[in-house]
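**Q** Before anything else, here's the structure in question.
What follows is calculated from the coordinates using simple rules that are stated; it is not laboratory data. Predicted, not measured: the structure shown is a model, and the values here were computed from it. Here the Cβ is made from the backbone with ideal geometry for all residues, glycine too, and neighbour counts use every protein chain on show.
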Amino acid sequence: MIKIDVSEKNGWAVLAVDGQIDLHTSPDIRKELAGRAKAKKARIAIDLTRVSYIDSSGLATFIEAMQKLKKGGGEIALCGLSESVRHVFEVARLDSIFAIHASSDDLK
Amino acid sequence: MIKIDVSEKNGWAVLAVDGQIDLHTSPDIRKELAGRAKAKKARIAIDLTRVSYIDSSGLATFIEAMQKLKKGGGEIALCGLSESVRHVFEVARLDSIFAIHASSDDLK
Amino acid sequence: MPEKKPQHTIDLTVPSHPQFLCVTRAVIFQVCHCMRFPEKFVNCIALAVEEAFTNIIKYSYGNDYKKKVVLVLNLYKDRLEIVLKDFGKKVDVKMIKPRALEDVRPGGLGVYFIKKFMDEVTYDVSPEVGTELRLVKYLEKGGCACPGAGKAGAGGGKKKERS
Amino acid sequence: MPEKKPQHTIDLTVPSHPQFLCVTRAVIFQVCHCMRFPEKFVNCIALAVEEAFTNIIKYSYGNDYKKKVVLVLNLYKDRLEIVLKDFGKKVDVKMIKPRALEDVRPGGLGVYFIKKFMDEVTYDVSPEVGTELRLVKYLEKGGCACPGAGKAGAGGGKKKERS
Ligand SMILES: Nc1ncnc2c1ncn2[C@@H]1O[C@H](COP(=O)(O)OP(=O)(O)O)[C@@H](O)[C@H]1O
Ligand SMILES: Nc1ncnc2c1ncn2[C@@H]1O[C@H](COP(=O)(O)OP(=O)(O)O)[C@@H](O)[C@H]1O
């Protein structure tokens, strides 16, 4: 069970995810992202403040979205990573691939 | 694994418990209580703010302490019960047996 | 007619050691969440299962922590069935009774919670070795002491009970 | 010499449905806590087990969610051994390899995490049906990518590996 709350901030669509991201819950995020990533120059931020756990299907979801967004001149950003979530990104060396912010307040 | 932090407030020894109380962890609380309950007129408060779960062995531990304390002219009080912990006390009709306070700040 | 075959089954075998009560509890919590039990029921279901587990440790195994307890969780559309199997001293069903609430003393509340929180409680001593305790909780049903279970609840409605 | 017999064993059998990954995860978390694994290791161990489980769902069972996965947790004084058993298509060990990290694409990280976070990873295709994947994590040992695992870690020390 996962909740996705969508809001707007400085021209970014902010998707605040609440729950643990795994093979069962990541399809919900993928669906939410797929619709938005099609738009030209879309700017999407994922707020992970309330996510304590992410697996490789979650990472795959974000990489897929990033690649789609790039094609349409859009952008993706991640914010609010907990220590354990950030560690997973680091071990996969994805921390240098994604724009990562401490909080959605830092989106510009 | 349970943590018990002991402090003093308005003449009460306040035992702040952190963890889930079950047959495995309640002996630690019993031990901490047993030593203190022997003293004449001891006043012991259990702060349950950081306890999300209690089973009947936990209730038994507190009833035992209450009975020991009463014999020596002492008192026991409980504070900071979460909704689910309070419910367990209510179903066992122990909410009218124990002095229950919203917070350890209410100890007088 | 409730359906006969569960949609899913989960089996868990744990040592009869209080150290692992937290493992059983975690499984019950997660399964109840998966089944979308009302949040407020979950704690009560976990408590009932834990009291049953505790009694197996104490009475069936005489506090021998090196035995096994098997939990079978059968997930139905409308209910969760939890079967606890032990391989120790058989339950004497006449002895299974909660204390009177007025008789305040340490102990004697485990069976009370099990009966208050679960919809069906059945001890089966027919297996060759040990006892099978079957606990059933419906997703929607009043008459229990779970918070928000409706008027028939909290006060103490009659439970189905067999042994 | 590491001791041969585990102090405790926990068995868990769950359906091959992603819905129940959270149940497995909860068990791993609790058991790791009981064993007093460093807090920062726990998430990594749970992730490794989950990636292995996910691969069973995807490759051994071809996304058939109605099969069974058996997890055996052997708790030793110095280590946790987790054996995942499936009853599907046997693993082709030559195919088990993570992608290169530079080749950024969705997927291809599960096996990488398993090998980075666990101390021993062994696929055993000798059972008559299915595969047994054996994962071992020592309470104290460097050379893994778990946070705070010491210098030999994060960079990527050599792992023991057999198939
Ligand atoms: N699994 C069991 N096997 C045998 N006797 C049991 C079992 N569970 C409960 N009983 C009996 O029922 C009584 C009440 O149990 P319970 O309400 O859990 O309180 P307590 O264990 O504190 O006495 C016990 O004292 C015991 O005699
Ligand atoms: N249990 C398994 N059975 C068969 N093949 C597997 C299994 N686990 C992994 N593999 C193989 O290893 C490859 C890498 O797996 P993984 O790193 O988890 O990434 P992904 O599943 O995203 O491709 C898979 O593409 C697959 O070919």
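**Q** With 19 Å as the limit, write out which pairs from D:58/D:116; A:41/A:71; C:58/C:89; C:115/C:137; C:89/C:137; C:116/C:141 have Cα-Cα distances beyond it, or answer none.
**A** Beyond 19 Å between Cα atoms: D:58/D:116; C:89/C:137.
**Q** Here's another thing I want to ask about it. Output the DSSP H helices from chain D with an along-axis C-alpha extent of no less than 24 Å and a mean Kyte-Doolittle hydropathy no less than 0.0.
**A** Span-like helices in chain D: D:39-55.
**Q** With each label point set 7 Å from Cα along the Cα-Cβ vector, what nm distance links residue D:93 and residue A:31?
**A** Calculated label separation equals 4.1 nm.
**Q** Measure out, as a whole number of angstrom, how far apart the alpha-carbon centroids of the range A:40-108 and the range B:44-74 sit.
**A** 47
**Q** Taking each residue in C:50-58, count the Cβ atoms of any other chain within 10 Å of its Cβ, then average. What number comes out?
**A** Counting other chains' Cβ atoms within 10 Å and averaging over C:50-58 gives 3.
**Q** Residues with beta-carbon under 11 Å from that of residue D:61, excluding residue D:61: net charge, scoring Lys, Arg +1 and Asp, Glu -1?
**A** Value of the local net charge: +3.
**Q** Something else about it: Taking residue B:3 as the anchor, which lysines have their alpha carbon closer than 21 Å to its alpha carbon, excluding any fewer than eight residues away along the same chain?
**A** Correct list for residue B:3: B:31, D:40.
**Q** Loop-only check: which trypsin sites (Lys or Arg not before Pro) in the range A:1-101 are DSSP coil with at most 10 other Cβ within 10 angstrom?
**A** The qualifying sites are A:40, A:41.
**Q** Thinking of the range C:16-162 as a set of Cα atoms, what percent of all their pairs are more than 24 Å apart?
**A** Result: 29 percent of Cα pairs exceed 24 Å.
**Q** Can I ask one more? Ignoring everything except DSSP H segments at least 4 long, calculate the 222 nm mean residue ellipticity for chain D; use -39,500 (n - 2.57) per segment, divide by total residues, nearest 500.
**A** -7500 deg cm²/dmol
**Q** I would also like to ask the following. So who's got an amide H within less than 5 Å of the one on residue A:42, skipping anything under 5 residues away but keeping other chains? H placed 1.01 Å off N, in plane.
**A** Those qualifying (amide H under 5 Å, at least 5 residues apart or on another chain) are A:74, A:75.
**Q** Place a point 7 Å from Cα of residue A:108 in the direction of its Cβ. Which residues in the range A:56-86 have their backbone N less than 19 Å from it?
**A** A:75-80
**Q** Within 10 Å of each Cβ in C:98-109, how many Cβ atoms from other chains are there, averaged over the peptide?
**A** That average works out to 4.
**Q** Express the relative contact order of chain B as a whole percentage, based on alpha carbon pairs under 8 Å and six or more residues apart in sequence.
**A** Taking the mean separation of contacting Cα pairs over the length of chain B, I get 27 percent.
**Q** Residue by residue through B:58-65, how many Cβ atoms from other chains fall within 10 Å of the Cβ on average?
**A** That works out to 3 on average.
**Q** Roughly how many nanometres apart are two label points built 7 Å out from the Cα toward the Cβ at residue C:78 and residue D:3?
**A** 5.0
**Q** Distances over 13 Å make up what percent of all Cα-Cα pairs in the range D:38-108?
**A** Considering the range D:38-108, 73 percent of its Cα-Cα pairs are separated by more than 13 Å.
**Q** Would you mind computing Rg(Cα) / (2.2 N^0.38 Å) for chain A, counting N as its residues?
**A** With N residues counted in chain A, Rg over 2.2 N^0.38 Å equals 0.95.
**Q** In what order do A:56, A:26, A:82 fall by count of nearby beta-carbon atoms within 10 Å, going from fewest to most?
**A** Lowest to highest Cβ neighbour count: A:82, A:26, A:56.
**Q** What longest range of chain C stays clear of loop-exposed trypsin sites (Lys or Arg not before Pro) (DSSP non-H/G/I/E/B, at most 10 other C-beta within 10 angstrom)?
**A** C:78-150
**Q** Looking at chain D as a GNM with Cα springs under 10 Å, which of D:118, D:95, D:35 has the largest mean-square fluctuation?
**A** Most flexible of the set in this elastic network: D:95.
**Q** Could you tell me what percent of the DSSP beta bridges with both partners in chain A are antiparallel, to the nearest 5?
**A** 35
**Q** Kindly put B:66, A:1 in sequence by how many other C-beta atoms sit within 10 Å of each C-beta, fewest to most.
**A** A:1, B:66
**Q** I would also like to ask the following. Given the options C:107, C:142, C:130, which has the most mean-square fluctuation in a GNM of chain C, springs set between C-alpha atoms less than 10 angstrom apart?
**A** C:107
**Q** To continue, here is another question. How much of the DSSP bridge set in the protein assembly as shown is antiparallel, in percent, rounded to the nearest 5?
**A** 65
**Q** Follow-up question, since we're still on this one. Ranked by Cβ crowding within 10 angstrom, fewest neighbours first, how are C:13, C:54 ordered?
**A** Listed from fewest to most nearby Cβ atoms, that is C:13, C:54.
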